[in-house]
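Here's the structure, in structure tokens; my notes come after.
The values are calculated or read from the model by the stated rules, or taken from the named source; none is laboratory data. The structure displayed is predicted, hence computed values, not measured ones. Note that we place each Cβ from the backbone using ideal geometry, even for glycine, and neighbour counts take in every protein chain shown.
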Amino acid sequence: MTRKNRKSKTTNNLAEYPDFIKSLNLSLIALTSTNAKVDRDAYLSEENHAISIGWRSRAVATPGRDYFNVTADLMVKASKPKSPESFLELKASYALHVHCIKDVPREYITRFCNVEVRLMIWPYFREFVTGMCGRMHIPPVFLPLATR
């Protein structure tokens with residue numbers, strides 16, 4: 001394959017990604033597991049909190065099928081600034097079941113998991129964090145409206 005043909009093929013794949021996105025039909029977002037840990041005394045005594053956010057998503061796709069599943073794991077920690085010890089840690093895992101056109105290129109699903117899933121899950125995770133803070137009877141951790 002010549003250099004020119006490779007470039008053309010890449011351009012065509014990028015042009016088809018919007019069609020893949022349009023074909024998606026999300027049929028499930030489910031909270032599948034959670035974990036919460038808090039040292040209330042440390043959390044309440046510290047005026048400044050350093051917030052760190054972790055994120056990972058992965059797809060489970062069967063070639064030739066018209067659907068795929070995604071698992072997304074999110075985590076937020078609060079600690080003293082510049083301290084490795086956290087006094088609040090919240091984790092949540094979500095499952096998504098997505099229907100799509102058949103025989104989708106694996107790179108489309110990977111791209112979807114790395115970019116779009118984060119946008120879909122983030123409001124659910126923000127609500128989870130706010131609700132858990134209320135249940136722990138601590139001031140809420142305010143997460144940004146969008147992730148980076």
Sole residue being of a type in the set (Phe, Trp, Tyr) and within 19 Å of Met136 (Cβ to Cβ), chosen from Tyr67, Tyr43 = Tyr43
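crowded, with 16+ Cβ neighbours inside 10 Å and farther than 11 Å from Leu96 by Cβ - does that describe any residue in segment 59-68?
Checked segment 59-68: at least one residue is crowded, with 16+ Cβ neighbours inside 10 Å and farther than 11 Å from Leu96 by Cβ.
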Any idea which of Pro63, Pro81, Pro123 is modelled with pLDDT of 90 or more and not in a strand (DSSP E or B)?
-> Pro123
Flagged in segment 84-120 as more than 15 Å from Leu143 (Cβ to Cβ), at pLDDT below 90, touching a Ser or Thr at 6+ places or on another chain (Cβ under 9 Å) and exposed (fewer than 15 other Cβ atoms within 10 Å of the Cβ), in numbering order, are Glu85, Ile101, Asn114
Determine whether Arg56 is surrounded by 11 or more Cβ atoms within 10 Å (Cβ to Cβ), in a loop (DSSP other than H, G, I, E, B) and among the charged types (D, E, K, R).
-> no
Per the filter on segment 127-148, residues surrounded by 14 or more Cβ atoms within 10 Å (Cβ to Cβ) and not β-branched (Val, Ile, Thr) are Phe128, Met132, Cys133, Met136, Leu143
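Residues that are assigned to a helix (DSSP H, G or I), over 20 Å from Met136 (Cβ atoms), modelled with pLDDT under 90 and not charged (D, E, K, R): does segment 2-9 have at least one? Spell out the reasoning first.
Kept after step one, since they are assigned to a helix (DSSP H, G or I), are these residues of segment 2-9: 3-9.
This time we only want the ones that are over 20 Å from Met136 (Cβ atoms), so: 3-9.
From what is left, the residues that are modelled with pLDDT under 90 are 3-9.
From what is left, the residues that are not charged (D, E, K, R) are 5, 8.
The answer is yes; a qualifying residue exists.
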Taking only pairs six or more apart or across chains, which ones have beta-carbon atoms under 6 Å, a first residue in segment 24-37 that is without any contact (Cβ under 8 Å) to a residue 60 or more places away in the chain, and a second residue that is of a type in the set (D, E, K, R) and part of a strand (DSSP E or B)?
-> Asn35/Lys91; Lys37/Glu89
Check segment 68-75 and report whether any residue there is modelled with pLDDT under 95 and in a helix (DSSP H, G or I).
-> no
